[in-house]
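Working notes, structure below.
Every number in this text was worked out from the coordinates using simple rules, so none of it is lab data. Keep in mind that this is a model prediction, so the values were computed, not measured. Backbone-built Cβ (ideal geometry, glycine too); neighbour counts: all protein chains shown.
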Amino acid sequence: MRAGLYGCLPTVPWLSLRGSRERASAIFQDMSAIVQFENVGLRYGLDSETLSDVSFTLAGGGFYFLTGASGAGKTSLLKLLYLAQRPSRGVIRLFGEDVVTLPRKRLPGFRRRIGVVFQDFRLVPHLSAYDNIALPLRVAGMEEGEVDAPVTEMLGWVGLGDRGQARPATLSGGEQQRVAIARAVIGRPEILVADEPTGNVDADMARRLMTLFEALNRLGTTIVVATHDLPLIAQVSGAQMMRLDKGRLADPTGSLRYPPRPQGGE
Amino acid sequence: MASRTDRRAAAAARHRLLPGGRVAGPMLWIIAIMMFLTVLAAAAGLGLGAAVRSMSADLAGRASVQVVEANPQLRDQLAARALTALRGADGVQAAAPVDPALLADQVRPWLGEEATSGDLPLPALIDVTLTPGDADAKVARLRRLLGGLSPALRIEPHAAFLLPLAGLLSALGWLAAGVVLLMALATGAVVVLAARGAHDSHRGTIEVLHLMGATDVQIARLFQRRIGLDAMLGSALGFAFAAFVILLIGLRLGATGSELLGAVRLPPASWAVLGLLPVAGVLLATLAARWTVLRALGRAL
Ligand SMILES: Nc1ncnc2c1ncn2[C@@H]1O[C@H](COP(=O)(O)OP(=O)(O)OP(=O)(O)O)[C@@H](O)[C@H]1O
Ligand SMILES: [Mg+2]
């Protein structure tokens, strides 16, 4: 599966509909809840709650957008999701397991199944673009001989084929963002969490990146994207939207939440 | 499955996860200095220990019998009787009279030419070598035996007058051992501080690695390897300098020609022990680094 993925990347890559029917059926069988939040609250220090009573369920294979005003708590919610933070209250289940009470030493196993595009990129400053992208593969213990092909393909796909040896500091904001995205998706995570992944790129590149996310989604990855960019949301058909308002999940229309696709209900 | 080059490339990549150059600042030099002092202290301790041992081995089994009698004829008679008695006694391996001429030679620098004239009464001396073991009891028994022959006969174990010196030397030896121990503690502390500093200054990288699913042990290994390498270099430097200094001192000691100072020589076994110190230092540094980083990582989520 992995080899096939990288193999089809450089051409009209994952967009090819070949095989999508089988994949789709696989996804629909996997439509069970992959992420569950129940009455989750998050408080930083002694401040009032940043997130309150957040409850939602994400289906495996879904494509979700998370919107809300600046400071509404999008990044905070995503941090809970990618296990950078434990909630102050409530229950969070990932892949069917309660991760709030998970012992520390079991966290790495869960984190390897989640790819993250950080809002501030968090590229490792002393590593080249190439090595930053290779990081998840190396952390997962992939043989060095197997690392090169996917990393090179990924660099090409985000349009940085000739900047592989550049340090993050010498890349533009948009280029850094693309490195961050390549790093997040290279390990074929089961969940991809992206915090404002298109904030620093032009509309063309934003569309291209969304295409990448959709291709990944078609292969079964559950995508969660926090963004202000409403046109971007409109671009992905079948995506669901959640909106945060002052730390609470707002659901004005009722149609924007789980189940994500009418035909995919539980 | 993986070829050797593959593995080497993987190791290189892991090393690159932390920036090149020193991870822990001047730790290398501090370790070099510590190792230098540690090896010197250990060498002193080992040298003194060896000296004390060879001295006691030489002296513990030996005693002198003096025949303090002014009348030369009486003195010679008494010496002969003492010699026979000693040779027949239990616990005596050998007994031999010291040549009076040799004795005179030895006292001449202090007493002048009269010493050889025969006017000044010199005691006759008998060198006694005891059988090994429990010298004190044997000397006491011989003292009773000789006392029975004549009050002019006195036995003096050799170790007795060197005892304070041996005591001093062995105390210095223990002091050196204490210094080595303190140095080990200080080295450990330096590494802990350096590792903590390295951990703090790479917090961002560590957090990213964590969120990618790196385990604490994976991350600690990066630091432990780098600090271990620094420690290896520092230890080697310190050891090389110390060995150079010890060899120099050894040459100077040999040049004094003194039997006592000459005994303060490092036997080959001691060199082997000294050679273990840098190895132990690297091990200590690596473990201290691992422990420190794992502890620091344990505090993060
Ligand atoms: N580590 C923290 N400690 C204390 N307060 C925090 C911390 N992180 C976030 N906050 C606060 O929590 C609130 C929500 O922040 P968050 O970053 O989740 O918002 P956001 O929706 O991602 O905003 P933006 O769209 O600007 O990225 C803000 O008021 C912020 O000040
Ligand atoms: Mg944010």
For A:ALA59, residues with placed amide H under 5 Å, excluding near neighbours: A:ILE34
Working only with C-alpha atoms, what are the Rg and Dmax values of the stretch B:26-108, expressed in angstrom? 24.0, 78
Given A:LEU102, A:PHE65, A:LEU81, which one lies farthest toward the positive end of the charge dipole of the stretch A:49-167, if we put +1 on the Cβ of every Lys and Arg and -1 on the Cβ of every Asp and Glu? A:LEU102
In whole Hz and in residue order, list the ³J(HN,Hα) couplings for the stretch B:208-215 that follow from phi through the Karplus curve 6.51 cos²θ - 1.76 cosθ + 1.60, θ = phi - 60°; x for Gly and Pro. 4, 4, 4, 5, 7, x, 6, 7
Within-14-Å neighbourhood charge of A:ASP195 [Cβ basis; K, R +1; D, E -1]: +1
Taking the Cβ of A:ALA129 as the centre, find all other residues whose Cβ is under 12 Å away and add up their charges (Lys, Arg: +1; Asp, Glu: -1). +1
To the nearest 0.05, what FRET efficiency results for B:LEU185 and B:LEU247 with a Förster distance of 35 Å applied to their C-beta separation? 0.80
At the level of C-alpha centres, the distance separating the stretch B:217-252 and the stretch B:265-301, in angstrom, is 10 Å
To the nearest 0.05, how large is the calculated FRET efficiency for B:ARG203 and B:ALA240 if R₀ is 35 Å and r is the Cβ-Cβ distance? 0.45
Under a crude label model (7 Å from the Cα following the beta-carbon direction), how far is A:GLN85 from B:TRP291 in nanometres? 3.6 nm
Cα convex hull of the stretch B:168-300: how many Å³ per residue? 106 Å³
Whole-Å distance, taken between Cα centres, linking the stretch A:128-203 and the stretch A:35-78: 26 Å
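What's the local net charge at A:LEU209, with K and R +1, D and E -1, over the other residues with C-beta under 14 Å away?
My count for the surroundings of A:LEU209 gives -3.
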If each part is reduced to its alpha-carbon centroid, the stretch A:85-106 and the stretch B:34-55 end up apart, in Å, by 58 Å
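Based on the Cβ-Cβ distance from A:LYS105 to B:ASP90, what FRET efficiency comes out when R0 is 51 Å, to the nearest 0.05?
Details: r = 72 Å, r/R0 = 1.41.
Approximately 0.10, to the nearest 0.05.
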Quick check: pseudo-label points 7 Å beyond the Cα along Cα→Cβ at A:THR211 and B:ALA140, how many nm apart are they? 10.4 nm
Using modelled amide H (1.01 Å from N, peptide plane; none on Pro or chain starts), what sits under 5 Å from the amide H of A:LEU66, excluding residues fewer than 5 places away? A:VAL225, A:ALA226, A:THR227, A:MET242
Could you bin all the Cα-Cα distances of the stretch A:28-152 into 10 Å bins starting at 0 and give me the percent of pairs in each, rounded to whole numbers? 11, 35, 33, 18, 3, 0
Using modelled backbone amide H atoms (1.01 Å from N, in-plane), which distant-in-sequence or interchain residues come within less than 5 Å of A:VAL116's amide H? A:VAL193
For the stretch B:69-151, convex hull of alpha carbons as volume per residue, Å³: 103 Å³
